1. Please go through the residue pairs LYS301/LYS444; LYS38/LYS525; LYS370/LYS582 and name each one whose alpha carbons sit more than 23 Å apart in this structure.
2. When the convex hull of the Cα atoms of region 542-607 is projected onto a plane and the area is averaged over all directions, what value comes out in nm²?
3. Take the alpha carbon atoms of region 141-182, find their center, do the same for region 358-433, and report the distance between the two centers in whole angstrom.
4. State the extension gain, in nm to one decimal, for the chain segment bounded by THR332 and MET377, taking 0.36 nm per residue of separation less the distance between their alpha-carbons.
5. Give me the orientation-averaged projected area of the Cα convex hull of region 393-461, in nm², one decimal.
6. Given an 8 Å cut-off on Cα distances and at least 6 residues of separation, report the relative contact order of the chain as a percent.
7. Which value, in Å², gives the accessible area per residue of region 128-229 when a 1.4 Å probe is used on the protein heavy atoms?
8. Can you pull out the GluC sites (Glu not before Pro) in region 123-206 that DSSP calls coil and that have at most 12 other Cβ atoms within 10 Å?
Amino acid sequence: MSEITPDIKLEDLNFIKDKVIESKEDSSFDLVSELRLKSEQPSTTTDSLKFRTFCSLLADLIDLGWSIEITRKGFDISPPKYIKSNEAKIQARNSNWKAAENDISNLQDATFITKLRNPPVGSKFKSVDLLVDNGEELKKLFEDINTLKDEDKKVDALKKIIKPEIQHCFLDETCSYTGLRLIDIWRYFRLTWSMPYQTSNARTMPFLVRNGARPNKPVIGIFQLVNPFFNNTGRNAFLCWDNYATAANEIKNKNLTVNELSDAFLQSIDKSLKETRYDDLVSDIKLIRKPDQKIISKLSKLSDQYRVQENEEEKTQFNKKIKIKTRREVETSLSRSNEKMYLKKRSKRLSKLLFARMIFNEYGLKKDPKRALTIMMQIADGQRAMNIALEYMRQSIYSTQAADLNVCGSIAPYNELLGGKLITLLSTSKNVMEKYDESYKKEKSIISSAVAGRDIIKPSKLLFLTVSSLYDIASSQYNRLKLYKKDFPKLKTDLIFHEAGTTEGIGSYHISQNTSNLINELTGKVRKFMKKSISGKGHSHKIRKIIIGLRILNIKADDIMMHNQKRRNYVFFHKNKKNMIKYLYGLKKVENFNHCSSDLSITEAWIKRWVIKRILRKESLEKIGKSNYKTLSSLFENVVKEYANEEENFNLFSNMSN
């Protein structure tokens, strides 16, 4: 439990306290609605905006089951505790669905949903409902298949009615059946999730998986590949590159030799320095080859100075008009490297990299790896130097050669066939790996190029995929997700999603769009915080904005962001773990995707492993039979009704995803 003392007027604080007391004395009193009503009142002053923002934030927390108690100065708050059980999973899912519903309770999302389901009469568009399969028809087909006695014939029959087709949702590509943009179809189905959707300003690849064997090619499921978070401690520990001790242990496990670990450390520092512009920060190139403490301290101080200048610059740019740049003024990697943000990044990066090189030089890591590693393992400077090498090793891979399945699941009625497992497995296919590589193999890395001061194109052949379950409770679609080549010979390799620890239970999913908008208004008014998302800033734009907004309200970010819903991490790679270590440490490179399985072989294995047994379950068939487009559209009833009588002034079909 944490005490918060919001920086709002005393009369406003007492008003909220009175309402909290009233809710505890009268169970029929709707505290959440009262707070939301106050948050929607117009305001002109900073004090009134603070009050509205805090009311909205408190409503979000109470609505999701947080405990709120009154103290002399403010409130004691604590997130709900989830005990590992099926009942707790239901509780957590309900909490998440409330957060998701709050997130889409706005005019724009309501209009989007309505017009995808009910396109204008006479337009070229058809309803997205046509892309939800008819469960009653599927049930009859499965019942007929169940009458077959030969298992091979059952498999063949199922393959004829389930033929997954993977579609990359390019921005303007449309569906041949409905005329709707693929990205809008993807977004519609994503809104059915019991978890608010958070956009990413990094690499993003959304996919639809459709059933080519059924009328209109209905959607089986969706997934999306994005850049993973670098600092997931559970995952990094599983991948054996979280710290120097874990790295050294790989020598004991015989996954690396002493020379290989030494080479990996040296290569990490060399590569990172080559990709960092230093000519304007370090005048003598000899100090790059043989750095000393003086240049390292200088760079560290420069980093601090540029951070202060960056913050001041952001404030002054807030009210500046956007200048249209001429052809000569268009930003280049070199010009961006001179921005305060990148001067800060380069100074800090160089100070760390040169420190590591100084220590490696001092103890002769290149000349005598065994002696050097033995000494460095025992001293703080040596440990720090090795951790720096590992940090940039991770950064290099995570930036372009790893992808996170931040969205992954099936759509009714295929969820009853364990379609989520199929979608997850298909994300590992040769088809998807090649699509990802094709999309990014010629793309300039924006942040890396600005740090280097020249255009950098990084390798884009994926080494591994990551994913996190929605809950660290009971089972999930990733549990025991294993298909072995010995059991399914058509697979190229074993397909295994390895459990890799848990997340920290930190994030912003529980903060509604209304609260986020108010925080945006508050930070703009008080701190002149830039409203646009900027690559290279670190935290996502929403997280940065929330942290600053909470500071303005005198609330510690951790007290709100620690929502207590940890999730299980899973990692997939095609190589066995012994070989995988060498790829992670940069000692081997992925040459092609001949080791990846096809869509067809994965689908056949999924059918044999799960579907044949699933369609024998009477309960599953009953649920499939009752499933249709109304199953999904019913999830939006409350949101659509709330905004049914309001008019939208923009033409949704000209740009649905805005």
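The values are calculated or read from the model by the stated rules, or taken from the named source; none is laboratory data. Computed from a prediction, not measured in an experiment: that's the story for all the values here. Positions of Cβ are backbone-derived with ideal geometry, glycine not excepted, and every protein chain shown enters the neighbour counts. Side chains included, ligands, DNA and RNA excluded: accessible areas come from the protein's heavy atoms. Shrake-Rupley method; radii C 1.70, N 1.55, O 1.52, S 1.80 Å.
1. Over 23 Å Cα-Cα: LYS301/LYS444.
2. Numbers: hull surface 35.2 nm².
The number I arrive at for region 542-607 is 8.8 nm².
3. 35 Å
4. On the way: separation 45, 0.36 × 45 = 16.20 nm, distance 4.19 nm.
Stretched fully, the THR332-MET377 segment lengthens by 12.0 nm.
5. Values: hull surface 22.4 nm².
Hull-based average projected area comes out at 5.6 nm².
6. Working: 1026 pairs, mean separation 140.5, N = 658.
Reported relative contact order: 21 percent.
7. On the way: 4300 Å² over 102 residues.
Dividing the accessible area of region 128-229 by its residue count gives 42 Å².
8. Filter output for region 123-206: GLU173.
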